[in-house]
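The values are calculated or read from the model by the stated rules, or taken from the named source; none is laboratory data. These numbers come from a predicted model, not from an experiment. Neighbour counts are summed over all protein chains in view; Cβ atoms, including those assigned to glycine, are modelled from backbone coordinates with ideal geometry.
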Amino acid sequence: SDDVKLLALETTCDETAAAVITDQLEVLSSVVASQEDLHQQFGGVVPEIASRAHVEKILPVIDQAVRKAELKLSDLDAVAVANTPGLSGSLLVGLTAAKALCLALDVPLLAVNHLQAHVYACKLASGRDVFPCIGMIVSGGHSNFYRCTAATDFTLIGGTIDDAAGEAFDKVASLLGLPYPGGPAIGKAAAKGDGKRFRFPRPLLDDKSRLDFSFSGLKTAVRYQVHGTGKLDDTTQLDEQTVCDVAASFQEAVVDCLVGKAELALQQSGYQTLCVGGGVAANGRLRERLEESAAKQGYELFIPPMSLCTDNAVMGAIAIERWKEGKFESLDLDISPGLER
Ligand code: KG4
Ligand code: ZN
């Protein structure tokens, strides 16, 4: 067909992903190679291991994405790559692969902001125009609010001052002797627990002057509540029900913070739409509480299905917006690991 065929690459953190999407936002293929097993024994993403794994996986993943789309490399019209933010070594692998393809195929290069792409996933999943909206990205690496005026135009309006929400899930899971990644494990345990048994702090929740989170104090509170001494080596003394109750009580505290600040962001901006992205958006309790909040406060809520919440290349379809605006990149495009303020 005459549709523009875009290959999008995603290697910002620990997922090596490629997808082929058309300018009609039709998804022809999507491949995600997770590195979860490689990082499991360390309880978190190890940057050096991540970049090495990307090097090993990027070409097979691209190859698979193009084949699944029933295309040849020469059928591609453009290549998009997430070049910000993320881990330097990881970002470099995707960017280098994208540039090599552009050079070899003589097609234009497009840049993707990974966080804008997470918000764009809400538009892709719903088929609706979600802008302007408040974007809430809650993952292992980020917990931020954005005022999104358009797909490729946003402003950071708040976020965590220490740990990301997903990071807190991962660390508390590790305290409780639950497996990595901690989010799904805590969610499962919490479903069997009493969220009111322990009263953990809700840092910054009552401060209506800022849209920020602080999850590292919450993690410490869990540690002291559970172990008293603060020692980490006595999880074996916790009975199963206590583990579930701590998980549920912790989850309740995080969800209170996330929902409370989301409501504040909407109030402050006057926007009527909340778009949620990132791995923590897979949390059932968070979804439930956001749905209640949206119904009560009268805003529209968009949360993509799980496969579009966690890192993937389909959300790189946001590059179509840049294609339409003629915003192509030169081959000296660089990575930008940090958050742009
Ligand atoms: O977006 P993501 O796949 O990767 C990045 O961090 O970029 O997010 C992974 C994070 C991990 O910290 C994981 O523990 C958390 O998302 N997560 C969850 C759930 N599933 C994944 N957190 C809470 N509840 C879940 N069901
Ligand atoms: Zn992400």
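So is Val79 assigned to a strand (DSSP E or B), closer than 19 Å to Gln24 by Cβ and within 16 Å of ligand 1 (Cβ to nearest atom) or not? It would help to see each step written out before you state the result.
Numbers: assigned to a strand (DSSP E or B): yes; closer than 19 Å to Gln24 by Cβ: yes; within 16 Å of ligand 1 (Cβ to nearest atom): no.
Taking the combined requirement at face value, the residue does not satisfy it.
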Here are the criteria: (1) in contact with a helix residue (DSSP H, G or I) (Cβ under 9 Å, 6 or more places away or on another chain); (2) under 27 Å from Leu176 (Cβ atoms). Tell me which single one Ser336 does not satisfy. (2)
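When you look at Ala33, is it within 16 Å of ligand 1 (Cβ to nearest atom) and assigned to a strand (DSSP E or B), yes or no? Spell out how you get there, then give the answer.
Numbers: within 16 Å of ligand 1 (Cβ to nearest atom): yes; assigned to a strand (DSSP E or B): yes.
Yes; evaluated as a whole, the condition is true for this residue.
Which ranges mark the helices (runs of 4 or more DSSP H) fully within the stretch 231-328 that have 2 or more residues being touching a Phe, Trp or Tyr at 6+ places or on another chain (Cβ under 7 Å) and away from ligand 2 (no atom under 16 Å from the Cβ)? Can you show your working first?
Details: elements: 240-269, 284-297, 306-309, 319-325.
Because the criterion is at least 2 residues that are touching a Phe, Trp or Tyr at 6+ places or on another chain (Cβ under 7 Å) and away from ligand 2 (no atom under 16 Å from the Cβ), the helices (runs of 4 or more DSSP H) in the stretch 231-328 that meet it are 240-269.
Are there strands (runs of 3 or more DSSP E) fully within the stretch 103-183 with at least 1 residues that are buried (at least 24 other Cβ atoms within 10 Å of the Cβ)? List them.
On the way: elements: 109-113, 133-138, 143-150, 153-159.
In the stretch 103-183, 109-113, 133-138, 143-150 are the strands (runs of 3 or more DSSP E) which contain 1 or more residues that are buried (at least 24 other Cβ atoms within 10 Å of the Cβ).
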If you go through the stretch 53-98, how many residues are buried (at least 22 other Cβ atoms within 10 Å of the Cβ) and closer than 18 Å to Asp334 by Cα? 16
When the residues of the stretch 17-42 are filtered to those that are buried (at least 21 other Cβ atoms within 10 Å of the Cβ) and free of Cβ contacts under 8 Å to residues at least 60 places away in the same chain, which remaining residue is farthest from ligand 2 (Cβ to nearest atom)? Val20
What number of residues within the stretch 286-315 are within 13 Å of ligand 1 (Cβ to nearest atom) and of a type in the set (D, E, K, R)? 4
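Out of Asp245, Asp334, I need the residue that is touching a residue at least 24 places away in the same chain (Cβ under 8 Å) and outside the structural domain of Cys148 (by TED's automatic domain parsing). Which one? Explain how you work it out, then say what you get.
Numbers: Asp245 fails: outside the structural domain of Cys148 (by TED's automatic domain parsing).
The match here is Asp334.
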Might you check whether a residue that is out of contact with any strand residue (DSSP E or B) (no Cβ under 7 Å at 6 or more places or on another chain) and more than 14 Å from ligand 1 (Cβ to nearest atom) occurs anywhere in the stretch 3-15? no
Near pairs, Cβ below 9 angstrom, 6+ apart or cross-chain, from the stretch 293-305 (free of Cβ contacts under 8 Å to residues at least 60 places away in the same chain and surrounded by 14 or more Cβ atoms within 10 Å (Cβ to Cβ)) to any residue that is hydroxyl-bearing (Ser, Thr, Tyr) and assigned to a helix (DSSP H, G or I): Tyr299/Ser293; Leu301/Ser293
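Please verify whether Asn283 is within 13 Å of ligand 1 (Cβ to nearest atom) and farther than 27 Å from Lys99 by Cα, treating the condition exactly as stated.
On the way: within 13 Å of ligand 1 (Cβ to nearest atom): yes; farther than 27 Å from Lys99 by Cα: yes.
So Asn283 passes the test.
Quickly run through the stretch 87-144 and pick out the residues that are away from ligand 1 (no atom under 16 Å from the Cβ), in contact with a helix residue (DSSP H, G or I) (Cβ under 9 Å, 6 or more places away or on another chain), under 23 Å from Gly270 (Cβ atoms) and in contact (Cβ under 8 Å) with a residue 12 or more places away in the chain. Lay out the reasoning, then the answer.
In the first step, residues of the stretch 87-144 are kept if they are away from ligand 1 (no atom under 16 Å from the Cβ); the result is 92, 95-111, 123, 126-134.
Restricting the remaining residues to those that are in contact with a helix residue (DSSP H, G or I) (Cβ under 9 Å, 6 or more places away or on another chain) gives 92, 96-97, 101, 104-105, 107-111, 123, 128-134.
Retained after the next criterion (residues that are under 23 Å from Gly270 (Cβ atoms)): 123, 128-134.
The answer is Lys123, Arg128, Val130, Phe131, Pro132, Cys133, Ile134.
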Of all residues in the stretch 184-200, which are within 9 Å of ligand 1 (Cβ to nearest atom) and surrounded by fewer than 20 Cβ atoms within 10 Å (Cβ to Cβ)? Pro184, Lys188
